[in-house]
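Read-outs: derived from the displayed coordinates by stated rules, not from any lab. Quick caveat, the model's predicted, so the values are computed rather than measured.
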Amino acid sequence: MRKVPDDAVIGCVGVLHVGTRGQGGPGEAVVKVRGGTEAFLAWSEQPLPKGTRVLVVESRGERAVDVIEFPEATDPLDELDRL
């Protein structure tokens with residue numbers, strides 16, 4: 001059976017409910033997608049603790065995603081001050 005990526009989840013933000021272990025194994029992220037929230041197995045390069053806000057960067061198919069830490073939202077206009 002071929003794993004079909006879920007492109008709709010790429011670029012979505014979520015929170016880890018179970019921390020990741022880097023290459024040692026996945027955690028679990030609850031991600032805002034399709035007008036609600038859904039749980040996914042979450043893989044990351046580095047271990048991330050429970051409660052970390054994450055960005056989905058890739059779908060592995062079958063409800064598994066690759067994530068990176070995603071900082072708290074900032075005002076985009078604040079970025080203009082740094083230019």
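Couple of notes before you dig in:
- Once the gyration tensor of the Cα atoms in the stretch 1-66 is diagonalised, the equivalent ellipsoid follows with semi-axes of 17, 14, 9 Å, ordered largest first.
- Extension gain, Glu58 to Glu45, is 3.4 nm, computed as 0.36 nm per intervening residue step minus the present C-alpha separation.
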